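The structure under discussion is supplied below as structure tokens; questions concerning it will follow.
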Amino acid sequence: MPKVPMMPYTFITEEFVAQADCPSNKRKVDYPDTDSELILEVRSSGRKTFAFPYRDEDGNQRRHKIGCYPNVSAKVARREVERLERIDEGDLLFLLKKPSPGSSLTPSQQAVVERAQLEIADAIDWPAGCISVSVKEVIAS
């Protein structure tokens, strides 16, 4: 698998995202943010995705997809990365880990999910009930 080119660090703003592009000789490029762990992935198709890098339990580099531009703004993506950076590492790995087939959440895991749902809702100024699907997708992704 070819390595994805990493562009120079830049402060990711709405204006930057709108103008960011992928060179014609590449399939995808990553634009890392100067102030946070936020990464903007830009594909040759024009799709722009915000992502948060982390290491799984085995130490492998992974990415949590926050959302695609313009459905998710740079401001919302930045706030989500800031929120993820504040979560305890064990809780973060739980939230971003794919569950085993047929597994269900324990009461303590459900509490972590509900707490994350409230934190996400607070961060993006939405009612908590509006994002229940998003939290389930975080666990399933």
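Coordinate-derived values only; no laboratory data. For clarity, every value in this text was computed on a predicted model and none was experimentally measured. Heads up, the Cβs are rebuilt from the backbone with ideal geometry, glycines too, and the neighbour counts pull from every protein chain shown.
At R0 = 22 Å, how high is the FRET efficiency between Glu89 and Gln61 if r is their beta carbon distance? Nearest 0.05 is fine.
0.90
Counting other Cβ atoms within 10 Å, keep those with at most 13, restrict to DSSP loop, and tell me which chymotrypsin sites (Phe, Trp or Tyr not before Pro) in segment 1-72 are left.
Answer by residue number: Tyr9, Phe11.
At R0 = 22 Å, how high is the FRET efficiency between Arg27 and Met6 if r is their beta carbon distance? Nearest 0.05 is fine.
Once the sixth-power term is evaluated, E becomes 0.95.
Suppose R0 equals 22 Å. What FRET efficiency, 1/(1 + (r/R0)^6) with r the Cβ-Cβ distance, do Gln19 and Val76 give to the nearest 0.05?
Computed FRET efficiency for Gln19 and Val76: 0.75.
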